[in-house]
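Structure first, then comments.
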Amino acid sequence: MNNKIINDMKRNIILTAHLAGEGHIPSSLSVLDIIWVLYDRVMRLGQYQSNDVAPDRFILSKGHASLGLYAVLAAKGFFDSENLKDFCKYHSILGGHPDCNKIPGIEASTGSLGHGLPVAVGLALGAKIRQLDGRVFCLIGDGESNEGTVWESALLAAHYRLSNLCCIVDYNHSTDRALKVGNLAEKFTAFGWQATIINGHDHNEIYDALSVQTVDRPKIIVAETIKGFGVKRMENEPAWHHRSPTEEEFKEICEELRDGYEETICPNC
Amino acid sequence: MGMRKQFVQTVEQLLSCDEKLVLLLGDIGVFGFKRAFEKHSSRVFNIGILEQATISLAAGLAKSDNIPIVHTIAPFLVERSFEQLKIDFGYQRLGGNFVSVGASYDYASLGCTHHCPGDVGALQSIPGMEIVVPGTSGEFDTLFHQAYSNGNPTYYRLSERENSESQEVTFGKACVLQTGNAATIVAVGPVLKHIFPAIEGLDVGLLYYSTVSPFDKLTLRENAAASGKILIVEPFYAGTLAYQVMQALKPRPVVIDFVGVPHEFLTNYGHAEEHDEYIGFSSQNIRTKLEALINGQ
C-alpha cells in the first residue's frame with residue numbers, strides 16, 4: 001500500500017472541499033482506497049484515457065463521494081489536478097456529483113441513489129450482447145442499498161449471469177441509524193451473486209477481491225469501511241457528512257495526513 | 001392492423017437489419033414478439049416487471065453502443081420510471097426508444113392505475129426528450145423509422161384508437177391539413193375523426209401534429225398568426241401544449257381553448273368512448289368551442 005499517494009489524494013480531497021466550502025469528505029475517504037486500487041491495479045484503462053471505449057468501466061453510483069473519484073482521476077491524469085481548485089464553481093467541470101458529459105473518465109452521471117447499478121447491469125449486458133471483452137465495476141453505498149432498484153438490479157444481473165459485472169458495497173454503516181441493511185453478502189448470495197467480504201481499506205484484500213472474475217454469476221464485494229477514514233475527527237462522525245473544514249481545521253487535518261511526507265500533489269496543501 | 005401489431009412488425013423488420021437494436025419488454029407483448037424472440041434471442045428480452053431498473057439498464061445498453069427499445073404500459077413506463085428517464089437518458093444525453101401502450105384511458109375498464117393522460121406533460125419537462133404521438137399504425141411505422149436511431153431519447157405513444165387514414169408525416173413537422181383565417185386547430189395524434197365533421201363549412205385552419213417534441217413552431221407561426229385564435233385538441237391532459245403554442249406565436253397575443261383530458265381522476269370504468277363523451281371529445285363539442293372562439297365568446 002502506497003501511503004504517500006493515498007495521503008496526497010486525501011489532502012487533495014480536504015483541500016478541494018476547503019476551497020469550495022463544499023463536498024462530502026467522509027464518504028469520499030470511505031471509498032478512496034477501493035477506487036484507487038481499481039484504477040491503479042485492476043482496471044484496463046489505456047484506451048479510456050484517449051477517449052475511446054474502455055475495456056473496463058467503473059460507475060461511482062454513490063455520486064456524492066465524487067471527491068474520492070476526482071482525486072483518483074486527477075492522480076491518474078484523466079484531467080489536470082488544477083481543476084480540483086475550481087470544484088463546484090459555476091463554470092467548473094467538477095460538481096458535487098459527477099457529470100459524464102463534462103469530466104473525462106466519468107462513466108455515468110450519478111447523484112440520485114440507485115441509478116448506477118442498473119446502468120452497470122445494462123453496460124454488462126450490452127457488452128455480453130456485443131461479445132465485447134471487459135468488466136464493469138460499480139460502487140454503491142450501504143444506504144443506497146435501501147433503494148429498490150439495487151434489488152431489481154440484483155435480480156437482473158443474476159438472471160442474465162453477468163459474470164462481467166462486479167458490484168462493490170462501501171459498507172460504512174451510514175444507514176444503520178435509519179434502515180439497516182443487515183448482512184448484504186448473504187442477501188446478494190440469496191439473489192444468486194458470488195459474495196466476498198473484505199476490509200475496504202486494505203489494498204491487498206481489495207486487489208485480491210477485485211482482480212478475480214467470477215465464471216457464471218455477478219460478483220458482490222462487501223467492503224467494510226470507515227466513513228471519514230484517515231481523518232480522526234471525521235471518522236464515523238455524522239456531523240461531517242456534508243461539511244467542509246475551517247481554515248484552522250484544514251491545517252490540522254493536513255498535518256495529520258502529512259504522515260512524515262513533505263511533498264504534495266497540490267502545492268497549496 | 002392496430003398500432004400494437006404495427007409496432008411488432010416494424011421492430012421485427014428493424015431487428016433483422018440493425019444489429020444495434022435491443023428490445024426490452026416489461027412482460028407485455030411477449031406472444032406478439034414470438035418470432036423476434038426466436039430469431040434474435042440475444043437481443044430480445046422479456047425483462048420482467050421492474051420498470052425503473054429497466055430504464056437504467058437500457059441506458060447502460062445505450063452506453064454500450066446499442067439502441068434500446070423499452071416497451072410497457074404507459075403509466076409504468078413514464079410515471080414510475082420518470083427519474084430514470086430524466087437522469088439516465090435526458091441528463092446523460094443518451095439515445096433510446098420508449099414505446100407505450102394504454103394511451104390516456106385506453107384501458108378504461110382497468111381503472112386509474114392504468115390511465116396515463118399525464119405522460120406527455122411529464123416527458124416534455126425533460127430537456128431533449130422527443131415525443132411522438134402517431135395517429136395511425138402507418139404513421140407509427142414511418143416516424144419510428146425516421147427517429148429510432150437518431151441518438152436522442154424518444155417516446156412513442158401508441159393508442160388503441162386511430163385516425164381513418166394516415167397523413168404524410170415527417171418527424172418533427174406538423175402537417176397543414178386545411179388552411180383558414182378565422183381560427184386554427186392544433187390537433188395531436190388520433191383525434192381527427194372528431195375534427196373533420198366539426199370544421200365543415202368553417203374558415204379554420206387545421207394543423208396536425210404527430211410529433212409533440214420537438215414542437216414545430218414554424219408551421220404554427222406561418223398558419224395561425226393572423227387570427228391568434230387557437231383550439232388545441234390533445235388526447236392527453238388539457239393544456240399540455242399551451243406553453244409551446246404561446247411560445248410559437250410570441251409576441252402576438254393569442255386566445256386559446258382546449259379539448260383535452262381534464263385534470264381529475266377518471267374513476268369510472270366502461271369503454272374509452274364513454275370517457276370521450278364525458279370529456280367532450282366529440283365533433284359537437286369541438287364545433288361549439290370553435291364557434292365560440294371565432295365569435296369571441
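What distance in nm separates the simple spin-label points at B:Ser42 and A:Asp216, each placed 7 Å from Cα in the Cβ direction?
It works out to 2.0 nm between the two label points.
For the protein assembly as shown, what is the per residue volume of the convex hull drawn over the alpha-carbon atoms, in cubic angstrom?
It is 166 Å³ per residue.
Could you calculate the FRET efficiency of A:Lys232 with A:Cys88 from 1/(1 + (r/R0)^6), where r is the beta carbon distance between them and R0 is 30 Å, rounded to 0.05?
Here the calculated transfer efficiency is 0.70.
Give me the dipole magnitude in Debye, nearest 20, for the stretch B:3-157 about the Cα centre, with unit charges on the beta carbon: positive for Lys and Arg, negative for Asp and Glu.
180 debye
For B:Glu291 and B:Glu165 in one chain, what is 0.36 nm times their gap in residues minus the Cα-Cα distance, to one decimal in nm?
Contour length minus Cα-Cα distance gives 42.7 nm.
Could you tell me which trypsin sites (Lys or Arg not before Pro) in the stretch A:182-247 are loop residues by DSSP with no more than 15 other beta carbons within 10 angstrom of their beta carbon?
Answer in residue order: A:Lys232, A:Arg233.
Relative to a virtual label point 7 Å from the Cα of A:Lys4 in the Cα→beta-carbon direction, which members of the stretch A:198-216 show backbone nitrogen distances below 20 Å?
Within reach of a label on A:Lys4: A:203-204.
Peptide A:129-137: average number of partner chain Cβ atoms within 10 Å per residue?
3
Summarise the partner chain shielding of A:146-159 as one whole number: the mean count of Cβ atoms from other chains within 10 Å of each residue's Cβ.
Mean partner shielding for this stretch: 4.
List the equivalent ellipsoid semi-axes of the stretch B:210-297 in whole Å, largest first, each obtained as the square root of 5λ for an eigenvalue λ of the Cα gyration tensor.
Output for the stretch B:210-297: semi-axes of 26, 16, 10 Å.
Take the Cα of B:Phe265, step 7 Å along the line toward its Cβ, and report every residue of the stretch B:93-119 whose backbone nitrogen sits under 19 Å from that point.
B:104-119
When the expected Rg is taken as 2.2 N^0.38 Å, what fraction or multiple of it is the alpha-carbon Rg of the stretch A:148-269?
Cα Rg divided by the expected 2.2 N^0.38 Å: 1.34.
If amide H atoms are built 1.01 Å from N in the plane of the peptide, which residues on other chains or at least 5 residues away come under 5 Å of the amide H of B:Val212?
For B:Val212, the qualifying residues are B:Ile131, B:Val132, B:Val133.
Hey, which of these cross-link pairs are over 26 Å Cα-Cα: A:Lys4/A:Lys76; A:Lys62/A:Lys219; A:Lys128/A:Lys227; B:Lys217/B:Lys289; A:Lys219/B:Lys63?
Violating the 26 Å limit, Cα to Cα: A:Lys128/A:Lys227.
Which of B:Gly260, B:Gly201, B:Gly60 sits farthest toward the positive end of the charge dipole of the protein assembly as shown, with +1 on the Cβ of Lys and Arg and -1 on the Cβ of Asp and Glu?
Checking the options against the dipole of the protein assembly as shown, the answer is B:Gly201.
Considering the stretch B:3-157, what Rg and Dmax in Å follow from its alpha-carbon atoms?
Radius of gyration, then largest Cα-Cα span, for the stretch B:3-157: 14.1, 40 Å.
Quick check: pseudo-label points 7 Å beyond the Cα along Cα→Cβ at B:Asp27 and A:His159, how many nm apart are they?
0.8 nm
Calculate the FRET efficiency for A:Thr175 and B:Met246 from the Cβ-Cβ distance with a Förster distance of 51 Å, rounded to the nearest 0.05.
Approximately 0.65, to the nearest 0.05.
Can you tell me, using C-alpha contacts under 8 Å and at least 6 residues apart, the relative contact order of the stretch A:3-258 as a whole percent?
Rounded, it is 24 percent for the stretch A:3-258.
Laboratory data are not the source of any read-out in this text; all were calculated from the coordinates shown. What you are looking at is a predicted structure, and each value in this text was computed from that prediction instead of being measured. As a convention, Cβ positions derive from the backbone with ideal geometry for all residues, glycine included, and neighbour counts pool all protein chains shown.
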